[in-house]
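**Q** Before anything else, here's the structure in question.
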Amino acid sequence: MAKNGIEGLPYYLGVRSLDTIASRDDRVCVLNILGGESRQVTPTSHAFSGGNVVFGTSPGRRGQVLETAAGDIPVFNNVREGLDAGLTFDTGVVYLPPSGVRDGVAELARVNPDLKKIVIITEKIAVHDAREIRAIGQAYGIDIFGGNCLGMADSWNQARIGGALGGDHPAEVLLKGSVAIFSNSGGFSTTIAQYLATEGWGTTTIVSSGKDVYIHYAARDFSYALKNDPRSKATVLYVEPGGYYEQNIEFDKPAVVCVVGRWKSKLTRAVGHAGAMAGAGDSAEDKERWFIDSFGVKGLFTPDAPHVSAKGAVVTNIAHIPSALTAVMRLNGIAPDFAARGNLGLKPWIANDQGIKLPDAIALPVVTALAPYDEQIKAVGLQIGAVIPRQNMKDKSGASIMDAKTQVTSVHGHSVLDLAMQPLEANFALPLVHEIASENDRAMLDIAVAAEINLVGDAALNAAEAAREAGNSPNTVMTAAVSIIGPKRVERTLACTKALIDLFAHSGLKDGRDEAFDWSGIELSDAQRALFVASAAEADDPRPAAMLRAVHARGGKSLFLKFLEGLGARLSRDAILAAIATTIAWGPLTRKRISRLTAETLPWYLRLYGVMIGASIPAKHHQRGSLCGISRDERFGEWSMAQFLYLALTGQKPTPEQVQPLQVLVGLLISNGPGSITSQGAKGAVSADGPQTPARVQINKAMIGCLSHSGYSHGGNGFEGMAFLLEQFGGSDLKDPTDPNHGLNLKAMALAFAEGYKLDKVASKESGAGEPRALPGVHHPIFRGKPVNYDPRERFIADFMEKRGVYNIFHAYYRELVQALYDVGATRYVFCVNVDAIIAALLLALLWKDYKAGRLQEKDLETAAFNVFIYGRMIGAAAEIDDHLNRGRNMDTRTPQERCEFVV
């Protein structure tokens, strides 16, 4: 039977004042009380509200109870059973699925004539059902809240009805004050109450209206109850797009309105609340204008532009609500309810600045977290290095990615174009420290690798030389040597590295270069000392002493080396390598840029780098104390990685002018992303060993996977560009490819070739042979179709060369050639000069004088091109190996059988 509502309204409204919306006197029945959400929320609401839930329903569960701190709540099959048991209620809360809400509301209204309020928690109720629910409420004289809401709460009455307003500890959030809140968002209702306390404002009543398409208790109803609530001196509204509920509403009390959702104007379907989709004239911008006009302010309130009036303010950021409210209330002569509690400044529990010196304004101090998180964070702080979750890594990489548009690959966030500008030491370190190494660490890497390159008397050199004499390709020669550097060959240096990390893990050391650090508290066991000290069999090895001399000569800083030198005994080469590796890894390790596994295996990679370079140098050049005639002390104390690579390619000591282009070449070749054949080979080898048991993965075998997946079509093909250039320049008297005054007419040479190529093209077509041979270094399947085309990688290097005043005749010829091909009609547009052309041009210019002098033959040029490719790819392979070792799963690179095909 219909009840009498408020006179003068065209519809039924029973709530006259906010102070009656939620109280401890309300008697509540909860539909679907044993559902997942209700089980979490209802016990807290019941206890906070003084035990006002009378019973609940859950079909088929009569006789069960919902346990709460305020006593058990009985459960019945339906509402009638509860009433027949002598229980009475005046408020219903609905947790039913969307399809059952209408029937649940009808049941509540039909069997209980004392019903005053229904709170619908359920979201996404059909509009048709929502209209029928509205009709039921109007017919029976029942106020309906929701759907898709969290109900109501009252800080004065210490009560909440429905959902989780105030969270798990509502007494801490619902602070008695003078501000009423009406919000389309349930979660933000609680957040706004918490934010208001930072300016000293408490709350009276909080209403979560919900934001389904149909809002039953809307802003106009709230404004009426607000006027009649003597406790509430002001209100805060949180408003989303969609609907006209807030239009032309006058508040008799000061109001701050937060309008959100400008971004939703671009949506074509609901995201989040079903009703937050704007139609015509009800977007976020429209609603902002409604309230700006209503309050008589010039614009939105922000800290920089605090537009307010005595009537109110409009914000678009909930963080601005407290200060906006304070400003509005100040104009009304109303002070906050209590002293401010805290502030909205960021209070990080954890910080990791990655070693970057931040400006004071953003270098936020870390605060102690709330319990129990403080103890959990403390435990994490004791963890050394990053912990990386494992996943299937087939055709994936956390180390490299290629930009499909530019075809430029990045390794650990650094593009190969940028890496081509870096010293080679930085590139060799990058895969394992995930950042650009410092000058000190680059010098240490030089020494570590230098100590491994001369392989005189080593089985690795014998294996390489046997492979070379058998006529194998350069990658196969290296493979033979790398196979010797197995787990037993690095067992001791890895153990030394692990011991150093164990010793200093919790010492507070942040920088491995900090030789002033006090290690007096570090206690070394006899077993650990024995690891570091050279054995009698190592007494004649001159390399450890040479390495230490080189560190001092280069001004290298290493706390770990200083610590080991303090032992007062002769150190082993393994110990020194471990100390250098730990120095390089320590900063990234403590900043959690890399895992402990990466740091502990770093010496293996350094040894492999040296052995691979050394294996590419014929055995006759490896002598005791010298390599290609260069003394040990000079190599250890002065030489860079670029110099070592040049020596390996030519057998000669390079000039500074020869080092730069080689550095660029190797940088460009580091990686083509995880899809390249070499990367797949390296990743597959790790996958086959089983990265989930990291100790079983042989890093040398994974490097062999890279080497075995390079070949004359992928690696050796770099010679094709040089061979093409030799055809064009071999008969010339060119002396210096870097001299712009070379005396050759490049344009005429290019036109002559282009004319011949055009004729070959016509002849091939007429004979049915198809297209003539592809031109190495010309054209690219991505960079094509425009009148003039460019490979951005080639342009980057060309611009770099131009800025440095570096000339390369072979590159200049390529530029003339692509234009000539178009001019004579051999191509439809000007093809690009691709990155392979500039690689061939740079490498041939490096080797030209030796070639013309007869010191190098074409076979030597081919070997050099292949080796340069491998030098770059060993860096990229190290990145993929380490990444897959840390992230991958066992056998995750295999192809499922259903994706394989049998070809007849």
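The values are calculated or read from the model by the stated rules, or taken from the named source; none is laboratory data. These numbers come from a predicted model, not from an experiment. All Cβ positions, even for glycine, are placed from backbone atoms using ideal geometry, and neighbour counts span all protein chains on display. Keep in mind that these areas ignore ligands, DNA and RNA; they rest on the heavy atoms of the full protein, side chains included. Shrake-Rupley method; radii C 1.70, N 1.55, O 1.52, S 1.80 Å.
**Q** Quickly run through segment 316-335 and pick out the residues that are open to solvent by 60 Å² or more (accessible area, probe 1.4 Å) and touching a helix residue (DSSP H, G or I) at 6+ places or on another chain (Cβ under 9 Å).
**A** Selection gives T316, A335.
**Q** Quick check: is even one residue across segment 742-750 touching a helix residue (DSSP H, G or I) at 6+ places or on another chain (Cβ under 9 Å), open to solvent by 70 Å² or more (accessible area, probe 1.4 Å) and not basic (K, R)?
**A** no
**Q** I've got another one for you. Restricting attention to segment 502-535, which residues are open to solvent by 60 Å² or more (accessible area, probe 1.4 Å) and under 17 Å from G568 (Cβ atoms)?
**A** W519, S520, E523, D526, R529, A530, listed by residue number.
**Q** Check K803, K758 and return the single one that is touching a Gly at 6+ places or on another chain (Cβ under 8 Å) and surrounded by fewer than 22 Cβ atoms within 10 Å (Cβ to Cβ).
**A** K758
**Q** Answer with yes or no whether A688 is surrounded by fewer than 24 Cβ atoms within 10 Å (Cβ to Cβ), part of a helix (DSSP H, G or I) and in contact with a helix residue (DSSP H, G or I) (Cβ under 9 Å, 6 or more places away or on another chain).
**A** yes
**Q** Which of the residues belonging to segment 1-58 are surrounded by fewer than 21 Cβ atoms within 10 Å (Cβ to Cβ) and acidic (D, E)?
**A** Passing the criteria: E7, D19, D25, E37.
**Q** Going through A363, A371 one at a time, which residue ends up being more than 29 Å from L597 (Cβ to Cβ) and open to solvent by less than 60 Å² (accessible area, probe 1.4 Å)?
**A** Exactly one of A363, A371 is more than 29 Å from L597 (Cβ to Cβ) and open to solvent by less than 60 Å² (accessible area, probe 1.4 Å), namely A363.
**Q** Which of the helices (runs of 4 or more DSSP H) contained wholly in segment 795-904 include at least 1 residues that are acidic (D, E), under 30 Å from I388 (Cβ atoms) and within 40 Å of the chain's Cα centre (by Cα)?
**A** 858-887
**Q** Report yes if V659 is of a type in the set (V, I, T), surrounded by fewer than 20 Cβ atoms within 10 Å (Cβ to Cβ) and part of a helix (DSSP H, G or I), otherwise no.
**A** yes
**Q** Conditions: (1) part of a loop (DSSP other than H, G, I, E, B); (2) under 22 Å from A159 (Cβ atoms); (3) out of contact with any helix residue (DSSP H, G or I) (no Cβ under 7 Å at 6 or more places or on another chain). P59 meets all but one. Number of the miss?
**A** All conditions pass for P59, except number (2).
**Q** Scan segment 706-725 residue by residue and report those that are open to solvent by 10 Å² or more (accessible area, probe 1.4 Å), touching a residue at least 60 places away in the same chain (Cβ under 8 Å), closer than 17 Å to M874 by Cβ and not polar (S, T, N, Q).
**A** G711, G718
**Q** Could I ask something else about it? Testing A443 on (1) open to solvent by 10 Å² or more (accessible area, probe 1.4 Å); (2) at pLDDT below 95, one condition comes back false. Which one is that?
**A** (2)
**Q** For segment 290-315, what are the residues that are under 23 Å from T203 (Cβ atoms), of a type in the set (A, V, I, L, M) and open to solvent by 20 Å² or more (accessible area, probe 1.4 Å)?
**A** Scanning segment 290-315 gives V308, A310.
**Q** For the list (1) among the small types (G, A, S); (2) open to solvent by 10 Å² or more (accessible area, probe 1.4 Å); (3) at pLDDT 95 or above, I need the number of the one condition that G854 fails.
**A** G854 satisfies every listed condition except (3).
**Q** With respect to G92, is the statement that it is assigned to a strand (DSSP E or B) and surrounded by 24 or more Cβ atoms within 10 Å (Cβ to Cβ) true?
**A** yes
**Q** Looking at Q680, Q728, which one is within 30 Å of A878 (Cα to Cα), touching a residue at least 60 places away in the same chain (Cβ under 8 Å) and in a helix (DSSP H, G or I)?
**A** On inspection, the qualifying residue turns out to be Q680.
**Q** A follow-up question, please. Inside segment 555-620, counting only helices (runs of 4 or more DSSP H) that do not spill past its ends, which hold 2 or more residues that are modelled with pLDDT of 95 or more, under 23 Å from R873 (Cβ atoms) and open to solvent by 10 Å² or more (accessible area, probe 1.4 Å)?
**A** 596-615
**Q** Could you pull out the residue among P113, P97, P170 that is open to solvent by 50 Å² or more (accessible area, probe 1.4 Å) and touching a helix residue (DSSP H, G or I) at 6+ places or on another chain (Cβ under 9 Å)?
**A** One residue alone meets the criteria, P113.
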